[in-house]
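Engineer: The structure is given below, and queries will be raised subsequently.
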Amino acid sequence: MTGQDPLSRNAFPADFTWGVATSSYQIEGGTKEDGRGPSIWDTFSGTPGRVVDGDTGEVAVEHFHRYEEDVALMADLGVEAYRFSVAWPRVQPTGSGPVNVAGLDFYDRLVDALLARGITPWATLYHWDLPQPLEDAGGWPVRATAERFAEYAGHVAQELGDRVGHFITLNEPWCSAFLGYGSGRHAPGRSDPAEALAASHHLLLGHGLAVETIRAAAPTAQVGITLNLYPVDGAHDGHGVADAVRRVDGLANRWFLDPVLRGAYPKDVVEDVRHLSDLSFVHDGDLDVVSAPLDFLGVNYYTRHVVAPGAFPGTVDVDFQGRGMPTTAMGWEVDPDGLFDILTRVTRDYGDLPLVMTENGAAFDDVLVDGRVHDEQRVEFLRGHLDAGRRAVEAGVPLAGYFAWSLMDNFEWAEGYAKRFGLVHVDFRTQERTVKDSGRWYSEFLTGTPY
Ligand code: IFM
């Protein structure tokens, strides 16, 4: 960072939260330790053909055993908050019933280690690792899963709520519902649009019920949900484009924002999906539960969607297009302005709820040479997106925090270990951690001194 660089943490509110994020299945490993039960991701990744190279989270980056080293690394970097997720199958190996004390103890130790280093813990309760027995009983398309989730969330809040002040119920329910039960690209790998819609509602119902159990167990905690949001633009002005934009925005953004923040599903999307489902799984009173008041909204931002009508005019087919802009290793266009657009849009359309960027980051094809990773593209990505965040604050968005995704390279779901998102490089053979140039940059941005 140079003296002339206008981007500085001083451009953000003084009490802004600065952190890094991870999730349980992506980093922990130790999938059979201390009584942890199987999750849908153990089953899915253990099924040939589901994940690139047959990778699984069985070992991941051994955070389960190396958490103290990882917490020390965060402290060295000057990170002030850590967003991690709790693995439900560690806490309740079958997804219901009594707490597995040994499993929950892991998070006790982690939280204590964070606090000892002055790092504020933010706990996400569901980042996609549903206990397999609950999937066997029907999974998220079944209403009872929402009730089980709320019970589990209450147990965790009861145990950690004396030290954890921020709970996030769900991470990216769009992915759980539509990738898990719609496209089948994620666990549990089912492809049924009606089930995906039912899953989306039961995830949101589980969120609302969990807000109640968390608040009962930890009355002073701040509670929120994290959504993956995208600005949606038309590829051109041609016929049908505006409707493609409306439909994609409807399912990607409004299908989650509206029930949580307005207590209703968007009417136009209800019409769009009527041929797939009559939505009879939405019971009277559900939306009051789903729209329980929150303390913040978590926003994960990676890119913008640019759409046009698909090859079959008159159908719901939509074509996602590129604009020839630089992309990350995931093929996602790097578009910091999209972050400004989505943050200002949420505030304009949904009011002044504090927003927290709970994930933002990029995969690139990093190379480790002589103990360094010169990931200049990721440095530019962070700089550009933080500057977009700064502009959003200037424009009046009540932005309260930023968590870089991710602390370290990890298991990138269906992409296995082929995509690296970390500020810290991990040698997946030796588990050696090496801070990348982007981690050094973020550290200097936070602390004002070179790493
Ligand atoms: O790695 C994921 C994370 O688990 C959820 N949000 C997007 C990230 C990058 O794909």
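The values are calculated or read from the model by the stated rules, or taken from the named source; none is laboratory data. Here the structure is a predicted model, which is why all the values come from computation and not from measurement. Positions of Cβ are generated from backbone atoms using ideal geometry, with glycine treated the same way; all protein chains shown enter the neighbour counts. When the accessible area is computed, the model is the full protein with side chains, heavy atoms only, and any ligands, DNA or RNA have been set aside. Shrake-Rupley method; radii C 1.70, N 1.55, O 1.52, S 1.80 Å.
Engineer: Where residues in segment 407-427 are open to solvent by 10 Å² or more (accessible area, probe 1.4 Å) and charged (D, E, K, R), which of them is nearest to GLY184 (Cα to Cα)?
Structural biologist: GLU415
Engineer: Taking segment 407-440 only, how many residues are in contact (Cβ under 8 Å) with a residue 60 or more places away in the chain and assigned to a loop (DSSP other than H, G, I, E, B)?
Structural biologist: Of the residues in that region, 12 qualify.
Engineer: Among the numbered criteria (1) more than 29 Å from VAL241 (Cβ to Cβ); (2) at pLDDT below 95, which single criterion is violated by THR315?
Structural biologist: (1)
Engineer: Any residue in segment 428-435 that is open to solvent by less than 40 Å² (accessible area, probe 1.4 Å), within 13 Å of the ligand (Cβ to nearest atom) and modelled with pLDDT of 95 or more?
Structural biologist: Within segment 428-435, not a single residue is open to solvent by less than 40 Å² (accessible area, probe 1.4 Å), within 13 Å of the ligand (Cβ to nearest atom) and modelled with pLDDT of 95 or more.
Engineer: While we're on this one: Check whether at least one residue in segment 250-268 is of a type in the set (S, T, N, Q) and open to solvent by 10 Å² or more (accessible area, probe 1.4 Å), and report yes or no.
Structural biologist: Among the residues of segment 250-268, not one is of a type in the set (S, T, N, Q) and open to solvent by 10 Å² or more (accessible area, probe 1.4 Å), which makes the answer no.
Engineer: Does at least one position in segment 3-23 carry a residue that is open to solvent by less than 50 Å² (accessible area, probe 1.4 Å), out of contact with any strand residue (DSSP E or B) (no Cβ under 8 Å at 6 or more places or on another chain), within 14 Å of the ligand (Cβ to nearest atom) and touching a residue at least 60 places away in the same chain (Cβ under 8 Å)?
Structural biologist: No, there is no match, as no residue in segment 3-23 is open to solvent by less than 50 Å² (accessible area, probe 1.4 Å), out of contact with any strand residue (DSSP E or B) (no Cβ under 8 Å at 6 or more places or on another chain), within 14 Å of the ligand (Cβ to nearest atom) and touching a residue at least 60 places away in the same chain (Cβ under 8 Å).
Engineer: Here's another thing I want to ask about it. Determine the pairs where a residue that is at pLDDT 95 or above, located within segment 85-113, has a partner that is of a type in the set (Ser, Thr, Tyr) and surrounded by fewer than 20 Cβ atoms within 10 Å (Cβ to Cβ) with Cβ atoms under 9 Å apart, the partner being 6 or more residues away or on another chain.
Structural biologist: Listed by first residue and then by second, the contacts come to PHE106/TYR67; ARG109/TYR67; LEU110/TYR67; ALA113/TYR67.
Engineer: Right, here's the next one. Of all residues in segment 68-99, count the ones that are open to solvent by 10 Å² or more (accessible area, probe 1.4 Å) and farther than 18 Å from ALA21 by Cα.
Structural biologist: Residues that pass the stated criteria total 6.
Engineer: Given the conditions (1) closer than 16 Å to MET357 by Cβ; (2) more than 16 Å from the ligand (Cβ to nearest atom); (3) assigned to a helix (DSSP H, G or I), which single one is not true for SER443?
Structural biologist: (1)
Engineer: Pick out the one residue from GLY322, GLY371 that is at negative phi and either in contact with a strand residue (DSSP E or B) (Cβ under 8 Å, 6 or more places away or on another chain) or surrounded by fewer than 20 Cβ atoms within 10 Å (Cβ to Cβ) (or both).
Structural biologist: GLY322
Engineer: For segment 132-143, state whether one or more residues are of a type in the set (Phe, Trp, Tyr) and farther than 21 Å from ASP192 by Cα.
Structural biologist: no
Engineer: Shifting gears a bit: Let me spell it out: the conditions are (1) farther than 28 Å from ARG323 by Cα; (2) touching a Phe, Trp or Tyr at 6+ places or on another chain (Cβ under 8 Å); (3) of a type in the set (S, T, N, Q), and THR358 meets all of them except one. Which number is the exception?
Structural biologist: It is condition (1) that THR358 fails.
Engineer: Just checking: which of the helices (runs of 4 or more DSSP H) contained wholly in segment 246-310 hold 3 or more residues that are charged (D, E, K, R)?
Structural biologist: Hits in segment 246-310: 267-272.
Engineer: Just give me the residues in segment 210-230 being open to solvent by 30 Å² or more (accessible area, probe 1.4 Å), outside any strand (DSSP E or B) and touching a strand residue (DSSP E or B) at 6+ places or on another chain (Cβ under 7 Å), in sequence order.
Structural biologist: Listed by number, the residues that qualify are ARG215, TYR230.
Engineer: Looking only at segment 346-367, which residues are in a loop (DSSP other than H, G, I, E, B) and within 16 Å of the ligand (Cβ to nearest atom)?
Structural biologist: Matches in segment 346-367: ASN360, GLY361, ALA362, ALA363, PHE364, ASP365, ASP366.
Engineer: Among the numbered criteria (1) without any contact (Cβ under 8 Å) to a residue 40 or more places away in the chain; (2) farther than 16 Å from TRP174 by Cβ; (3) open to solvent by less than 40 Å² (accessible area, probe 1.4 Å), which one does VAL306 miss?
Structural biologist: The one condition VAL306 does not meet is (1).
Engineer: Within segment 375-396, identify whether any single residue is assigned to a strand (DSSP E or B) and buried (at least 17 other Cβ atoms within 10 Å of the Cβ), and answer yes or no.
Structural biologist: No, the conditions are met nowhere in segment 375-396.
Engineer: Right, next: Do you know which residues across segment 257-296 are in contact (Cβ under 8 Å) with a residue 12 or more places away in the chain and of a type in the set (D, E, K, R)?
Structural biologist: Across segment 257-296, the qualifying residues are ARG262, ASP268, ASP272, ASP286, ASP288, ASP295.
Engineer: Can you name the residue in segment 311-345 that is assigned to a helix (DSSP H, G or I) and touching a helix residue (DSSP H, G or I) at 6+ places or on another chain (Cβ under 7 Å) and, of all such residues, is farthest from THR124 (Cα to Cα)?
Structural biologist: Looking at the filtered set, the residue picked out is ASP337.
Engineer: Test of understanding: among ASP129, ASP55, which residue is touching a strand residue (DSSP E or B) at 6+ places or on another chain (Cβ under 8 Å), in contact (Cβ under 8 Å) with a residue 24 or more places away in the chain, more than 30 Å from ARG9 (Cβ to Cβ) and within 16 Å of the ligand (Cβ to nearest atom)?
Structural biologist: ASP129
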